[in-house]
1. Taking the stretch 1-84 as the region of interest, what is the percent of Cα-Cα pairs per 5 angstrom bin, listed from the shortest bin to the one with the maximum distance?
2. For the stretch 1-62 and the stretch 185-248, what is the separation of their Cα centres, given in Å?
3. Under 13 Å from the Cβ of Ser148, count the other residues' Cβ atoms, weight Lys and Arg +1, Asp and Glu -1, and hand me the total.
4. Test of understanding: what is the full-extension gain from Phe22 to Ser7, defined as 0.36 nm times their sequence separation minus their Cα-Cα distance?
5. Which residues does a label at Tyr76 reach in the stretch 148-191, if reach means a backbone N under 15 Å from a point 7 Å past the Cα toward the Cβ?
6. Around Asn142, which amide H atoms from residues at least 5 apart in sequence, or from another chain, sit under 5 Å from its own amide H, with H modelled in the peptide plane?
7. Order Ile172, Ile13 by their accessible area, 1.4 angstrom probe, all chains in place, largest first.
8. Could you go through the stretch 165-180 in sequence order and give the Karplus-derived ³J(HN,Hα) for each residue, using 6.51 cos²θ - 1.76 cosθ + 1.60 with θ = phi - 60°, rounded to whole Hz, and x for Gly and Pro?
Amino acid sequence: MELDIRSGIQTAIAFSALAALFLLWSGIRSIVTGYRLLYFRLRQERVASGWRRIGLSILLGGLAFVLLAWGEPVAYTYFPPSPTTTLSPTPSLSPTPSLSPTITLTPTITDTPSITDTPTITPTPFIPPAIEAGFESQVTPNPDAVFSPLTFGRGVQNFEAVNPGTVFSNPIRRIVAVYSYDKMLDGVQWTVLWYRDGELVHSQTAIWQGGTGGYGLVEWDPGEAAWLPGNYEVQMFVGMEWMVVGRFIVEGEPNTATPTLTATLTRTPTITRTPSRTPLPTSTMAPTRTPQPTDTRWPSPTP
């Protein structure tokens, strides 16, 4: 039976409280019965025993209060918590879609229509071949490795998401996903894919060096202008097997940078002189007409 510090402290508090109540009840009863005895010595012993029980019950009650208030922090100072988390959630598999029953109308004289509802099938997460081609690890993942559900926030503090939620409004600088894990092996290939409305927008793949168990986080910080509104999905894989899927929504338009106008110098056009006009050619006198020859009379006939 494995018992962590938190469970041990809570068990000690419960036993101390129950013992204090029992001793208090027993002491009061011993005092009441002691006063009823006729013999002085027996009466004194019974009453003294009752007061001792009441005092012990007060001590146990104080011990329970001290354990409740300071027991766990003091224990952690001497026994730091191991990286193995106590939570070992098993990733839920996608349910196999089942077809809705066929609705058949009551047959009439001529036709018998049949309406069949087709369910929407959610595709199983997978690693794109382009990302798979960059894998470097040769270590076989542990089939018993588990990851907790992802918790999304705008930041992280002590492995807890800051302002956690599933709906975020612009402007957004970064989104952090916090999780716990167990039974991992160092050296396996670990991949995280970020999707927006079904389109891959960011990917991370590396060799796992986080130990067998503990807490971890992944984040994406593309800048405020890149957080477009839509439905986001984060898929986490160990080797080729997907381990956990988380979803969140971004609302509102992102902040866009205001363009800065840069003044450019424009040269002042110079005045181009108009070319001088080419003088028109002078007119040439038309040649005089050659006079036509005069009409020569034919010789008169000889008589």
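The values are calculated or read from the model by the stated rules, or taken from the named source; none is laboratory data. None of these values were measured; they are calculated from a predicted model. We place every Cβ from the backbone using ideal geometry, glycine too, and count neighbours over all the protein chains shown. Just the protein is used for accessible areas: all its heavy atoms, side chains included, with ligands, DNA and RNA removed. Shrake-Rupley method; radii C 1.70, N 1.55, O 1.52, S 1.80 Å.
1. 3, 15, 18, 14, 12, 10, 9, 7, 5, 4, 2, 1, 0
2. Their Cα centres are 56 Å away from one another.
3. That works out to -1.
4. Separation in residues times 0.36 nm, less the Cα-Cα distance, equals 3.1 nm.
5. Under 15 Å, as judged by backbone N against the label point of Tyr76, lie 157-161 of the stretch 148-191.
6. Result for Asn142 returns Leu185.
7. Most to least solvent-accessible, the answer reads Ile13, Ile172.
8. x, 10, 10, 10, 10, 5, x, 10, 8, 8, 10, 10, 10, 9, 8, 10
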